[in-house]
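Heads up: the structure comes next, in structure tokens.
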Amino acid sequence: MNASIIDPLQGDFPEVIEEYLEYGVMKCIAFNRRGTLLAAGCSDGNCIIWDFETRGIAKELRDKDCVAAVTSVCWSKYGHRILVSAADKSLALWDVLSGERIKRMVLQQTPLQARLHPGSSTPSLCLACPLSSAPMIVDLNTGSTTVLPVSNLETCSELAPSSRNKLSDGTPSYSPTAACFNKYGDLVYVGNSKGEILIIDYKRIQICAVVPISGGAVVKNMVFSRNGQYMLTNSNDRTIRIYENLLPLKDEIRTLDRLSENINDLDGVEKLKALGSKCLTLFREFQDSITKIHWKAPCFSGDGEWVVGGSASKGEHKIYIWDRAGHLVKILEGPKEALIDLAWHPVRPIVVSVSLAGVVYIWAKDYTENWSAFAPDFKELEENEEYIEREDEFDLNPETENVKESDVNEDEEIDIVTVEKDAAFSDSDMSQEELCFLPAIPSPDVPEQTDKCLENTSKLVDSNNSGSPLSEEAGLNGHVVNHVSNPLEDDAGGTYLKRKRKPSEKGLELQAEKVRKPLKSSGRWSKFERRSLVDQNLAMMV
């Protein structure tokens, strides 16, 4: 679509279902950083990579050791690796280009979500959020795990579960906890069941700050915007909250240490909350005040200007889109299937959703072309109108006006090598090593039976030459003759183009007798004589 003919006042958010993808039963999706590839985890433990430009399958990652449903998929920073978590408590790291599994390890609990470290091109660290335990940092190379704290030390006794809430193996039960890395992976943000956001230095396993959430509801989802300036949380109180990140995008740990040194009059929880107020501030809240529905897989758009959330109600496929100011701008209604996952394209106004039936729906914008961008005096007609041209409208008038001289400096060198940077990506996102597309592997063609084709072609040629003597002989021998009109025939019905053959002895005798007959002495030729002479000449040519 040409951007110059698109009306800029339409809004950059999707409106209709453009296409859908089907392959098995897909459960979760994730775009790479450029939006050229889409990874989808299936119920059989496999991961399918779609080429989003052609909407075809580019790679299939088949895990023979996994037969359980995939719970999450995550791309590495430059798209060379994919982390897949499954319901059989496994984590698998794949090489995308070769399609080979690099590492596989099994946890003690089922990971509901797993995210690779965003600061490395070939990461080995990941953040896993298990079903019934605290979030942990997993080193895929060594297999070691580091459990992160889910509450500060002074309130651990208050949050400790009672003995009746323990699992069969004696370990305490936790409600599913959300966690995510910041933009560069220096800190981990954890949302606990008490309704708090904990900012944790995972290298020192230390809580740096605490941000309380109004209402104290359990946090279900946490995600940062692409530029790292905003963070989104989804709580059990059916409210989506947007927080503005007050810390600098780089050296956040040093900034927290300096802030902690400046606050000396407070201690304990109060100090952590004071630090939290200087890290995050509530920017906006989103909720449906009428239906009070729960939200599923909320996220930001690629540029962070829009917030999208799916309805968690059963039997409906609704997607709500807000602008960052808090206004509801669009409600997308899909098929009568529940929504289980959602993702916004990193660059384009496209939303991809997954239904409970395992079908991926692609929502795109219904563009209205504005052709006046090419011709300012162009007028679109809703119905046919009679047009009366002017008398001199199409007259050729000589060019009397001098052509204005161009101000372009012809001696100036033009740079055709440097690639302009996309505004949607920061400097840290640009890399020559990034994997954007996968090479296509052509499927071999099935060899055709050439002998049968030649035989059918010869039969077709013989049947089309019905006017030739060979076709007549074939008809006498009992073969079916298909009489087809030949365009190369004269008005009298004689065929001028025939297949060459050796004439019979009787035919040669008849030709010799016609040649020996004397011609009439009259200077005028009759019509029959002219026709006879033509036939004789044609017979001699044959």
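The values are calculated or read from the model by the stated rules, or taken from the named source; none is laboratory data. Note that the structure is predicted; figures quoted are calculated from it, not measured. Cβ coordinates were reconstructed from backbone atoms using ideal geometry, including for glycine residues, and neighbour counts include every protein chain displayed. Note: areas computed on protein heavy atoms with side chains; ligands, DNA, RNA excluded. Shrake-Rupley method; radii C 1.70, N 1.55, O 1.52, S 1.80 Å.
Those residues that are part of a strand (DSSP E or B), among the polar types (S, T, N, Q) and more than 22 Å from residue 203 (Cα to Cα), I need them from the range 85-136; list them, please. Talk me through it step by step, then tell me what you get.
Within the range 85-136, the subset part of a strand (DSSP E or B) is 85-86, 90-95, 100-106, 111-116, 125-130, 136.
Subset that is among the polar types (S, T, N, Q): 85, 90, 113.
Selection gives 85, 90.
Quick one: which of 330, 318 is in contact with a Pro (Cβ under 9 Å, 6 or more places away or on another chain) and closer than 20 Å to residue 240 by Cα? Break it down into steps so the answer makes sense when it comes.
Details: 318 fails: in contact with a Pro (Cβ under 9 Å, 6 or more places away or on another chain).
That would be 330, the only listed residue that is in contact with a Pro (Cβ under 9 Å, 6 or more places away or on another chain) and closer than 20 Å to residue 240 by Cα.
So which residues in the range 211-228 are of a type outside the set (Ser, Thr, Tyr) and assigned to a loop (DSSP other than H, G, I, E, B)? Talk me through it step by step, then tell me what you get.
Step one: filter the range 211-228 for residues of a type outside the set (Ser, Thr, Tyr), giving 211-213, 215-224, 226-228.
If the condition is that a residue be of a type outside the set (Ser, Thr, Tyr) and assigned to a loop (DSSP other than H, G, I, E, B), then 213, 215, 216, 217, 218, 226, 227, 228 are the ones that fit.
Tally the residues that are surrounded by fewer than 20 Cβ atoms within 10 Å (Cβ to Cβ) and part of a strand (DSSP E or B), restricting the search to the range 43-74.
4
Just wondering, is there one or more residues in the range 170-184 that are modelled with pLDDT of 90 or more, part of a loop (DSSP other than H, G, I, E, B), open to solvent by less than 10 Å² (accessible area, probe 1.4 Å) and more than 13 Å from residue 135 (Cβ to Cβ)?
Looking only at the range 170-184, we keep the residues that are modelled with pLDDT of 90 or more, and these are 178-184.
Now drop any that are not part of a loop (DSSP other than H, G, I, E, B), which leaves 182-184.
Subset that is open to solvent by less than 10 Å² (accessible area, probe 1.4 Å): 182.
So of that shortlist, the ones also more than 13 Å from residue 135 (Cβ to Cβ) come out as 182.
So far as the range 170-184 goes, yes, one or more of its residues are modelled with pLDDT of 90 or more, part of a loop (DSSP other than H, G, I, E, B), open to solvent by less than 10 Å² (accessible area, probe 1.4 Å) and more than 13 Å from residue 135 (Cβ to Cβ).
Scan the range 78-119 for residues that are over 24 Å from residue 134 (Cα atoms) and either surrounded by fewer than 19 Cβ atoms within 10 Å (Cβ to Cβ) or of a type outside the set (A, V, I, L, M) (or both) and report the count. I'd like the intermediate steps shown before the answer.
So in the range 78-119, the residues over 24 Å from residue 134 (Cα atoms) come out as 78-81, 94-102.
Filter once more, keeping what is either surrounded by fewer than 19 Cβ atoms within 10 Å (Cβ to Cβ) or of a type outside the set (A, V, I, L, M) (or both): 78-81, 94-95, 97-102.
Counting residues in the range 78-119 that are over 24 Å from residue 134 (Cα atoms) and either surrounded by fewer than 19 Cβ atoms within 10 Å (Cβ to Cβ) or of a type outside the set (A, V, I, L, M) (or both) gives 12.
Among the residues of the range 289-306, are any in contact (Cβ under 8 Å) with a residue 12 or more places away in the chain, aromatic (Phe, Trp, Tyr), touching a Leu at 6+ places or on another chain (Cβ under 6 Å) and buried (at least 16 other Cβ atoms within 10 Å of the Cβ)?
No, the conditions are met nowhere in the range 289-306.
Filter the range 233-258 down to residues that are over 13 Å from residue 183 (Cα atoms), open to solvent by less than 40 Å² (accessible area, probe 1.4 Å) and either touching a Ser or Thr at 6+ places or on another chain (Cβ under 8 Å) or not hydroxyl-bearing (Ser, Thr, Tyr) (or both), then give me how many there are.
Count: 6.
Are any residues in the range 315-372 among the hydroxyl-bearing types (Ser, Thr, Tyr) and either open to solvent by less than 50 Å² (accessible area, probe 1.4 Å) or at pLDDT 95 or above (or both), and if so, which ones? Outline the logic, then answer.
Let us first name the residues in the range 315-372 that are among the hydroxyl-bearing types (Ser, Thr, Tyr), namely 320, 353, 355, 361, 367-368, 372.
Across the range 315-372, the qualifying residues are 320, 353, 355, 361, 372.
Go through the range 380-427 and count every residue that is under 30 Å from residue 35 (Cα atoms), modelled with pLDDT of 70 or more and either touching an Asp or Glu at 6+ places or on another chain (Cβ under 7 Å) or hydroxyl-bearing (Ser, Thr, Tyr) (or both).
The qualifying residues number 1.
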